[in-house]
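A.B. asks: Here it is, the structure in full.
Bear in mind that the values in this text are calculations on the coordinates, not laboratory data. No experiment lies behind these values; they were computed from the predicted model shown. Counting neighbours? That spans all protein chains shown, and the Cβs are built from the backbone with ideal geometry, glycine included.
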Amino acid sequence: MADLLLLILLPLLLLFFILLHASPIKALLTTAKLVLAPELSTVWKPQPASIFVTDHETAHSLLVRGTLPTVSTGAPFVTTSHRRSSTQRSSTALQWIMANLVKRPDIQETVRKEINAIVGADAEEVSEVVLGKLEYLHAVIMEALRLHPPTSFAFRQVMEEDHVVHNGQPILVGTKVYFPLAAIARDMTAWDNPDKFKPQRFLSYKDASQGTDGTIKMMPFGGGRRMCPGRGVAMLHLSYFTANLVREFRWREGEGERAVDLRPHVEFFTVMKRPLRAHLELERTEIKTS
C-alpha cells in the first residue's frame, strides 16, 4: 500500500516542482539563448537552470560580492589533466601574443626597444630578474590575454543562497553560471575601442584589468577567490618567452596562406583558426650557442 501511494504522489510532487520553478528557469534559459554567440552554440549549450553572463559588472557582482563556489568532488587539487590544461593555455596564449606582434610590427619594435634599453647587449637572455621592469611588454601580454583569453568559458554554480545581480535577474540555488571570457573582456561599457589591440591601455595604471573601483573587467585566469592558482607562473612564462623571442628574432608576416589570421576557432580553448606561420629574421648578430 505504501509503495502504491508513493507511485501516485511522486509524479504529483514532480509536477508541482516544475510549475513552481517554470518561470525563473524559463527566464534564465531565455537569457542564455539571447547572449550565446552562434559560433559557440555547438560547443557550449545551455543546460537546465543555466545563465550566461557577458558584461563585466554582472561578472564582478557574482564573483566578488556573491558566493558562487564550485561543487567539491574530493579530487586532488592538482591532477594530470590540470597540468595538461595549464600547458595548453600557455602555448595558446603565447601564439596569440606573437600573432598580434606580427600583425603590428610597430608594437613589436616598441617591445624590442624597451628590452634592449634594459637588457645588456652581451646578456645571453632576458632573465627573470629584469622581466618586472618591462612595463610595455607586460601591457602587450595583458592586451593579448584580454582580446584572446585561451579558455572560452569560466563557470560557477550557485550553491548556498539565491543571488540577485545588478539588473534584478534572480539566480537560484543550483544554477550554473557561465562566463564567456572574450565577451566580458570586450564589453563596450568597460573598454575604449574594445576590439582594437591597444597595449597602452594597460600603462595608465598598474592593473587595468580592473577598474579604478576594483571592478573586474577581464578574467583570462578566472576571477574572485577561485581564480587560477597558476596565474603567476603563467605570466612569468609568457613574459620570459615573449621577451626572448622578440629580442632574438624579427617576426614578419607572410603572404597568402601564411598571412596572420586573427579569427578564433572556439573549442574549450580558443585557438587560432589558422596556426601562426611567420617569417623569422635573426635580430642579434651574435648569439651564444654554448
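A.B. asks: Would you order LYS176, LYS103 from fewest to most other beta-carbon atoms within 10 Å of each residue's own beta-carbon?
C.D. replies: On the way: LYS176 21, LYS103 18.
Ordered by Cβ neighbours within 10 Å, fewest first: LYS103, LYS176.
A.B. asks: Given R₀ = 51 Å, FRET efficiency for LEU172-ASP261 by Cβ-Cβ distance, to 0.05?
C.D. replies: Details: r = 42 Å, r/R0 = 0.82.
Once the sixth-power term is evaluated, E becomes 0.75.
A.B. asks: What is the spin-label model distance, in nm, from GLU283 to TYR240 if the labels are put 7 Å beyond Cα along the C-beta direction?
C.D. replies: 1.8 nm
A.B. asks: Same structure, new question: Scan around HIS265 for amide H atoms under 5 Å from its own, H built in the peptide plane at 1.01 Å from N, and keep only partners 5 or more places away or cross-chain.
C.D. replies: Counting only residues 5 or more places away or on other chains, the set is VAL271, MET272, LYS273.
A.B. asks: Can you sort MET98, MET272, MET218, MET188 by how many other beta carbons sit within 10 Å, fewest first?
C.D. replies: On the way: MET98 21, MET272 17, MET218 25, MET188 10.
By the 10 Å Cβ count, ascending, the order reads MET188, MET272, MET98, MET218.
A.B. asks: Using a basic spin-label model with each label point 7 Å from the Cα along Cα→Cβ, how many nm lie between ASP106 and ASP195?
C.D. replies: 2.0 nm
A.B. asks: If you don't mind, another one. Could you compute the FRET efficiency for LYS273 and ARG252, with r as their C-beta to C-beta distance and R0 at 25 Å, rounded to 0.05? Display every interim value, and only then the final one.
C.D. replies: Details: r = 20 Å, r/R0 = 0.81.
Taking R0 as 25 Å, the efficiency between LYS273 and ARG252 is 0.75.
A.B. asks: Treat the count of other C-beta atoms within 10 Å as a stand-in for reagent exposure and order VAL130, VAL102 from fewest to most.
C.D. replies: Ascending Cβ contact count within 10 Å gives the list VAL130, VAL102.
A.B. asks: Fully extended, how many nm does the chain gain between ARG225 and LYS113 (0.36 nm per residue separation, minus their Cα-Cα distance)?
C.D. replies: Extending this stretch completely gives an extra 36.6 nm.
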